[in-house]
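So the structure is just underneath, and the comments pick up after that.
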Amino acid sequence: MSSPPAPAQDVAATTALDAITSRRSIRAFRPDPVSRDTIETLLRLAGTAPSGSNIQPWSVHVVQGDKRRELSGLLLQAHHAGVEPTPEYQYYPKVWRPVFLERRRQTGWLLYESLGIRRGDREAAHAYRGSNYDFFGAPAGLIVTIGRDMEHGSWIDVGAFVQTFMIAARTFGLHTCAQAAFANYGDLVRAALGIPGSEVVVCGISIGHADLAHPANRTRTPRAEIGAFTTFHWSEA
Ligand SMILES: Cc1cc2nc3c(=O)[nH]c(=O)nc-3n(C[C@H](O)[C@H](O)[C@H](O)COP(=O)(O)O)c2cc1C
């Protein structure tokens, strides 16, 4: 397959190809509600994700309404007060390879450029990053956790769960954003939602109807060609 087509963003995807290629991180949502029924269906679909020995090691807290507002309020307060994040786990390498650093910077610049935030304007960038904790205005969100006792393999499974949820959301016309930002303040998230200390906060997922006119949603992130990450060991028959 050459480059995938650019499918419509504002309608429900009807094919797997459309659902996959129309998924992108949405960072501004309309306030229109998402029904509990829909979220339950999406969780059931996400739960079909494969996992090693089918142990299904994911846990999810769904927040909406008062609880979503309470959680967002607590996290925003911490963020704006400059409370130092204490990430639940090491997401990125301690020493960056140039190729990854370059992609990370490019992705950040694309987003900040579309928002009119100038390079080096740390204050504006910090203020904007706070919108993560407001689920980018989405009416509902997920907090995804995994047991502290689980190993690398189970984290792969949780990734598959998260991606399946996000792809499935497209078939309902909904958009999402996976957010490791919620792992910055794991203690606050656990306290707000009554999550025991034996669970690690992996990420959040905002879910809702995209505000496609918002500048935050204007960017499209590029991808490397398959040759950049694939080696074929392939014999023609
Ligand atoms: C596990 C995970 C955590 C992420 N955390 C955040 C986050 O905290 N905030 C954010 O704005 N985007 C977050 N992203 C979105 C990525 O920046 C995004 O997937 C990447 O730039 C590619 O863009 P696309 O999703 O639009 O294809 C996260 C993505 C993943 C998979």
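The values are calculated or read from the model by the stated rules, or taken from the named source; none is laboratory data. These figures come from a predicted structure and were not determined experimentally. Positions of Cβ are generated from backbone atoms using ideal geometry, with glycine treated the same way; all protein chains shown enter the neighbour counts. Keep in mind that these areas ignore ligands, DNA and RNA; they rest on the heavy atoms of the full protein, side chains included. Shrake-Rupley method; radii C 1.70, N 1.55, O 1.52, S 1.80 Å.
In this structure, does THR164 turn out to be away from the ligand (no atom under 15 Å from the Cβ), touching a residue at least 12 places away in the same chain (Cβ under 8 Å) and among the polar types (S, T, N, Q)?
For THR164, the condition - away from the ligand (no atom under 15 Å from the Cβ), touching a residue at least 12 places away in the same chain (Cβ under 8 Å) and among the polar types (S, T, N, Q) - is not met.
When ALA124 is evaluated against the numbered criteria (1) away from the ligand (no atom under 13 Å from the Cβ); (2) of a type in the set (Gly, Ala, Ser); (3) surrounded by 20 or more Cβ atoms within 10 Å (Cβ to Cβ), which criterion, by number, is the only one it fails?
(3)
What helices (runs of 4 or more DSSP H), lying completely within segment 12-92, carry at least 2 residues that are within 19 Å of the chain's Cα centre (by Cα), closer than 25 Å to ASN217 by Cβ and within 16 Å of the ligand (Cβ to nearest atom)? Give the steps one after another, and end with the answer.
Details: elements: 16-22, 36-46, 65-80.
The helices (runs of 4 or more DSSP H) meeting that bar are 16-22, 65-80.
On the basis of being more than 13 Å from the ligand (Cβ to nearest atom) and closer than 30 Å to LYS67 by Cα, does ALA138 make the cut?
It is false that ALA138 is more than 13 Å from the ligand (Cβ to nearest atom) and closer than 30 Å to LYS67 by Cα.
In segment 176-199, how many are open to solvent by 10 Å² or more (accessible area, probe 1.4 Å), among the hydrophobic types (A, V, I, L, M, F, W, C) and part of a strand (DSSP E or B)?
Of the residues in segment 176-199, 1 are open to solvent by 10 Å² or more (accessible area, probe 1.4 Å), among the hydrophobic types (A, V, I, L, M, F, W, C) and part of a strand (DSSP E or B).
Residues checked against (1) surrounded by 11 or more Cβ atoms within 10 Å (Cβ to Cβ); (2) among the acidic types (Asp, Glu); (3) touching a residue at least 24 places away in the same chain (Cβ under 8 Å):
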position: ASN54; (1), (2), (3): no, no, no
position: VAL60; (1), (2), (3): yes, no, yes
position: LYS67; (1), (2), (3): yes, no, yes
position: GLU88; (1), (2), (3): yes, yes, yes
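Checking THR21 against (1) touching a residue at least 60 places away in the same chain (Cβ under 8 Å); (2) surrounded by 13 or more Cβ atoms within 10 Å (Cβ to Cβ), which test does it fail?
That leaves (1) as the condition not met.
State yes or no: is GLY173 touching an Asp or Glu at 6+ places or on another chain (Cβ under 8 Å) and either open to solvent by less than 40 Å² (accessible area, probe 1.4 Å) or among the small types (Gly, Ala, Ser) (or both)?
So GLY173 fits the description; yes.
Among the residues of segment 210-237, count how many are more than 23 Å from GLY108 (Cα to Cα) and part of a loop (DSSP other than H, G, I, E, B).
Residues flagged as more than 23 Å from GLY108 (Cα to Cα) and part of a loop (DSSP other than H, G, I, E, B) within segment 210-237 amount to 8.
Going by the conditions given, is THR171 touching a helix residue (DSSP H, G or I) at 6+ places or on another chain (Cβ under 8 Å), hydroxyl-bearing (Ser, Thr, Tyr) and within 15 Å of the ligand (Cβ to nearest atom)?
no
Inspect all residues belonging to segment 137-159 and state whether any of them is assigned to a helix (DSSP H, G or I) and under 21 Å from PRO222 (Cα atoms).
Yes.
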